[in-house]
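The values are calculated or read from the model by the stated rules, or taken from the named source; none is laboratory data. Only a predicted model underlies this, so the values are computations on that prediction, with no experimental measurement involved. For neighbour counting, all protein chains shown are included, and Cβ atoms are generated from backbone atoms with ideal geometry for every residue, glycine included.
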């Protein structure tokens, strides 16, 4: 196997020597200034703890597995493609953030049912002005580090992109247009007379809903048989991630890190390029 090591700062010769020693790798090849490939590496129990201590991300990758092998990337929105939880920021505009974010955190850790948590949180927003959604988009929403670099490389390889979120279509549709994503699915807030009603329209895109959208998109005739990458951070992404060929936990909760194929704890989304090669 190849062991890919990545960081947000220079990887030192001492760190490389340690990892080569642990894994018996034949050599260390630079991928970029912040990433190396250890060729012919063997699994070792000490790699995970050492990399965590050194703030390094790592992944064992088959030499034959390249980015060009994939046909679809499925990615969560809140705290994954973007840095914020939109519903928390909407609530913050009206001093409701502590109560709403506590429910969000519990749902992301898998402690409460996602659909139930969303209905509860949206109900707390009843009566808020619709204009607050645009303010959050304009003033608070930022892409996660490396997002645009990753998406540009996916386009080079003809890899389709699906943004699937337990958040809201107000944000996913704008991101789809801005970033040139191929597909986007999320929940629709009911708005009456310019104000949030406190309800969500239609079926909620919950844990199962995310998985279902991945499968439907993967089964499109043009994508039939193509390998899929799924990236998420919360417990409501786990069913979706199990439907993918490769799953990546991005700055994720422990329950997600423990079940994903790979974890990016420190690097940005462009770590995907280093992991599988351009």
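General observations
- When region 53-72 is filtered for residues that are in contact (Cβ under 8 Å) with a residue 60 or more places away in the chain and either over 19 Å from residue 265 (Cα atoms) or not in a strand (DSSP E or B) (or both), the ones remaining, listed by number, are 55, 56, 62, 63, 65, 66, 67, 68, 69, 70, 71, 72.
- Residue 222 meets each of the listed conditions (1) surrounded by fewer than 21 Cβ atoms within 10 Å (Cβ to Cβ); (2) at pLDDT 95 or above apart from (2).
- Of all the residues in region 234-243, those that are surrounded by fewer than 24 Cβ atoms within 10 Å (Cβ to Cβ) and not in a helix (DSSP H, G or I) number 1.
- Candidate set: region 44-67, residues that are within 21 Å of the chain's Cα centre (by Cα) and surrounded by fewer than 14 Cβ atoms within 10 Å (Cβ to Cβ); chosen: the one nearest to residue 23 (Cα to Cα): 48
- Residues in region 69-83 include at least one that is touching a strand residue (DSSP E or B) at 6+ places or on another chain (Cβ under 7 Å) and surrounded by fewer than 20 Cβ atoms within 10 Å (Cβ to Cβ).
- Being more than 21 Å from residue 254 (Cβ to Cβ) and within 19 Å of the chain's Cα centre (by Cα) is a property that holds for residue 71.
- Hits in region 174-199 - residues which are in contact (Cβ under 8 Å) with a residue 12 or more places away in the chain and in a helix (DSSP H, G or I): 174, 175, 176, 179
- All conditions but one from (1) crowded, with 22+ Cβ neighbours inside 10 Å; (2) closer than 26 Å to residue 91 by Cα apply to residue 169; the one that does not is (1).
- Restricting region 105-117 to residues that are more than 19 Å from the chain's Cα centre (by Cα) and assigned to a helix (DSSP H, G or I), the residue that is surrounded by the most Cβ atoms within 10 Å (Cβ to Cβ): 117
- Among the residues of region 93-104, the ones that are assigned to a helix (DSSP H, G or I) and either modelled with pLDDT under 90 or in contact with a helix residue (DSSP H, G or I) (Cβ under 8 Å, 6 or more places away or on another chain) (or both) come to 6 in all.
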